[in-house]
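For reference, the structure discussed in these notes is given below.
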Protein chains: 2
Amino acid sequence: MKILLIGAGGVGSAFCAIAARRDFFESVLVADYARESADRAVAALDDPRFSAAQVDASDAASVEALVREAGATHVMNAVDPRFVMPIFEGAFAARADYLDMAMSLSRPHPDQPHALTGVKLGDEQFAAAGEWERAGRLALVGMGVEPGLSDVFARYAADHLFSEIDELGTRDGANLTVDGYDFAPSFSIWTTIEECLNPPVVWQDGEWFTTPPFSEPEVFDFPEGIGPVECVNVEHEEVILMPRWIDTKRATFKYGLGNEFIEVLKTLHMLGLDSTEKVNVPVVIGGRPVIAPVSPRDVVAACLPNPATLGDRMHGKTCAGVWVTGKDKDGQPRSTYLYHVVDNDWAMREYGHQCVVWQTAVNPVVALELLANGTWSGAGVLGPEAFDAVPFLELLRDGYASPWGQQELA
Amino acid sequence: MKILLIGAGGVGSAFCAIAARRDFFESVLVADYARESADRAVAALDDPRFSAAQVDASDAASVEALVREAGATHVMNAVDPRFVMPIFEGAFAARADYLDMAMSLSRPHPDQPHALTGVKLGDEQFAAAGEWERAGRLALVGMGVEPGLSDVFARYAADHLFSEIDELGTRDGANLTVDGYDFAPSFSIWTTIEECLNPPVVWQDGEWFTTPPFSEPEVFDFPEGIGPVECVNVEHEEVILMPRWIDTKRATFKYGLGNEFIEVLKTLHMLGLDSTEKVNVPVVIGGRPVIAPVSPRDVVAACLPNPATLGDRMHGKTCAGVWVTGKDKDGQPRSTYLYHVVDNDWAMREYGHQCVVWQTAVNPVVALELLANGTWSGAGVLGPEAFDAVPFLELLRDGYASPWGQQELA
């Protein structure tokens, strides 16, 4: 297995640090638009299997050329979802297999954005599924932690814990704090605004629909000391992926933003500060006063610390999981939360990467190892729930020292 | 009386519209840094007593020259409090009397900003009081609605309603809404941020102290249908002025920002978006990408509608007043709210100016009329409470059709 990793940001760098401890692959070529980021990720490892390159992820031809040049068998996409389609298409053109951790972007319904779906997450990728299948190539999509591990949990529950499923409810929460800051998101505020202000999607009784942002608030009690966090519906890939392979009446994704963060996002939206439409403000450039068109959302991001630099000051745990309700194998009512918790202090001490990026990056490494040793195989555009969950969960626990948990809820 | 009005913004323009209906003065020269604003205010009147000029209010010499050129007997300051000192000094240099509606700015205590006062509101003006007194010239300071009418109410209560005062508590609230906007402040957000994030000042038992912003929240039930509004301590001139002339154990100013507005201001502060310290954001100017240093507070202001343009879409009432507690003339406990309410629909219909600026502007016109006819006179730097309240309240009610109210509280 020769891997081309595209993206040497937080998740890409953590991917390298995790993969470097394993021996299932021959090489990883780390490519980024900013060549120095790729160099830095490689230099941190002291492992001759890793090398660096430059790539333009917005250009499928640039991706295809690099796949061919590197002789890559697998393209691992670790950049912003705006670049999913050119990387996905470039990998296919060069006949490599492909993995990502977020799917092609949605576009809201033109008339009823808070009721009907428009273009859904992943629609553009699934449109090419036949082509991939006929070519015998695999695109394993949504293979991070959420989507990714959450989808593996859903498959595990369907195969081993339930005879009938009412709801697959992904629930994500944390109790992270950052020393020295009253307010410091542990992930990009720019992306969080984008994700949280899109209309959330829900699967119910055989179809998808959308709701207004922050709908159906619910306090979920997360395990391992994290405790209760306010969660709301957010647009996410699980809701699209799970019902394609698993029989469920309902699928939801609720993000434990917490009440404070939800109120901040609502306030930014009310004031128009979430907007990327530019407003005119006076600035001085080169000693001359001018009126500059500024994106309010860029200003919000510039006022907050860069989350990639905060790992040393972060404390607490992050939890990803799926709350499954329905009937157990004996037909009795069952309500179970399958989850994976990462402690930031542990991730920083063991890997030098903060827990949120570490938890995202470990899952595609596990998946690639299963593909390398032939435990997982397939062709087409497939989600994680298309594969047997047991070997994945065992390898994550035993090979990567990262156990998962299971809790029965009342 | 020949008046030089400096500032042709919202309040200055409303001042002209109100004064034009009265005959106590010979002329008003309306001066603004933006000459076209002064022209516009004059053109709206069709009254030969009004004319326009240009002035630089940041330069005392420019103010002095214009006072002499116009032969002004009274300088009316209707600009931003940053310009108080040059106008105050320019008026004195030209031996004119002077009125303003906000006093020279405070600077926080360097070490304990939320406990001790540093330079207080008006300190710079009061430092010149002896000079003004010796020259026989009057500076009537804080003569808007709050400070201004509120101080007149305090004097009225001390003279006619109370034998002993525990607290003079200015309370300002409104129930204004703006059609078509979820969030549209009825006054400058830039100034509101400045005012509300300064440490509030309180007078208690013979001395002033400060507190953290938004301290001592209290729900005050405003009269005439406005109803309960959440009020918090805000730095304001009344707390400085009232104890100088009126014997009271305590003086406070609480602003009925309402819970939503307080939360918005707190959120802006938490995210650093209230700051005037510049952050770097990418912009495109003249087709070239550059990094521009931008003031986050300017961006917040640019995202919101200009309140001066919202009068037609505003509905509701604004209330200014003083809640006085203590003992009545017979030594019995008394708790009385003296207040003045303006309905926006009335102010727009009668004067074409929204209620908040109309209510601010009417009070200095009344004061000038009392000075012109000799009912009020004095020398030095004096607050409104240094003068007899009764003729002011009668003239406001009878001459300006704007009655005030009095309500006994439980």
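Before moving on, here are some points about what is shown:
- Summing +1 for each Lys or Arg and -1 for each Asp or Glu among the other residues whose beta-carbon sits under 14 angstrom from that of residue A:93 gives -3.
- The alpha carbon convex hull volume per residue for the range A:203-253 rounds to 94 Å³.
- Unit charges on C-beta of K, R, D, E only; dipole of the protein assembly as shown, Debye: 1240 debye
- Inter-copy label distances at residue A:58 (7 Å, Cα→Cβ; nm, one decimal): 4.0
- Taken residue by residue and averaged, Cβ atoms of other chains lying within 10 Å of the Cβ of B:176-182 number 1.
- Compactness of chain A - radius of gyration and Dmax, Cα, Å: 21.0, 76
- Among A:327-334, A:130-137, A:190-197, the peptide with the highest mean count of other Cβ atoms within 10 Å heads the list, and the full ranking is A:190-197, A:130-137, A:327-334.
- Calculated from backbone phi, Karplus (6.51, -1.76, 1.60) coupling profile of the range B:260-270 in Hz, x at Gly/Pro: 4, 5, 4, 5, 4, 5, 5, 5, 4, 5, 4
- Calculated from backbone phi, Karplus (6.51, -1.76, 1.60) coupling profile of the range B:165-180 in Hz, x at Gly/Pro: 10, 7, 9, 9, x, 5, 9, 10, x, 8, 10, 6, 10, 10, 4, x
- Relative contact order [Cα under 8 Å, 6+ residues apart], the range A:2-99, whole percent: 32 percent
- The range A:2-99, dipole about Cα centre (Lys/Arg Cβ +1, Asp/Glu Cβ -1), debye to the nearest 20: 200 debye
- Separation between Cα centres of the range A:40-60 and the range B:80-103, rounded to whole Å: 66 Å
- For residue B:244, inter-copy label distances in nm, listed shortest first [label point 7 Å out on the Cα-Cβ vector]: 7.4
- Ranked packing of B:309-318, A:317-326, most packed first, by mean Cβ within 10 Å: A:317-326, B:309-318
- Shown here are the Rg and Dmax of the Cα trace of the range A:50-112, at 13.1, 49 Å.
- Per residue, chain A reaches -9500 deg cm²/dmol at 222 nm when only DSSP H runs of four or more residues are counted, each adding -39500 (n - 2.57).
- Shielding by other protein chains, B:264-274, mean Cβ within 10 Å: 6
- Cα point-scatterer Debye curve for the range A:2-99, base-10 log of I(q)/I(0) at q = 0.11, 0.14 Å⁻¹: -0.25, -0.42
- Value of relative contact order over chain B, rounded to a whole percent, pairs C-alpha under 8 Å and six or more apart: 19 percent
- Computed over protein heavy atoms with a 1.4 angstrom probe, the accessible surface ordering of B:101, A:270, largest first, is A:270, B:101.
- Stokes-Einstein D (µm²/s) once Rh is taken as the Kirkwood radius of the range B:150-255 over alpha-carbon pairs, at 20 °C in 1.002 mPa s: 142 µm²/s
- Residue mean of other protein chain beta carbons inside 10 Å, A:298-307: 6
- Angstrom value of the Kirkwood radius, inverse mean 1/r, which spans all Cα pairs in the protein assembly as shown: 30.7 Å
- Exceedance of the 26 Å cut-off in Cα-Cα distance is limited, within the set A:120/A:249; A:120/A:317; A:254/A:327; B:266/B:327; A:120/B:266; A:249/A:329, to A:120/A:317; B:266/B:327; A:120/B:266.
- Nm distances between copies for residue B:116, ranked from closest, using label points 7 Å along Cα→Cβ: 6.8
The values are calculated or read from the model by the stated rules, or taken from the named source; none is laboratory data. Please read all numbers here as calculations on a predicted model, not as lab measurements. Every residue, glycine among them, receives a Cβ derived from its backbone with ideal geometry; neighbour counts consider all protein chains shown. Side chains are part of the model used for accessible areas, which takes the heavy atoms of the whole protein and leaves out ligands, DNA and RNA. Shrake-Rupley method; radii C 1.70, N 1.55, O 1.52, S 1.80 Å.
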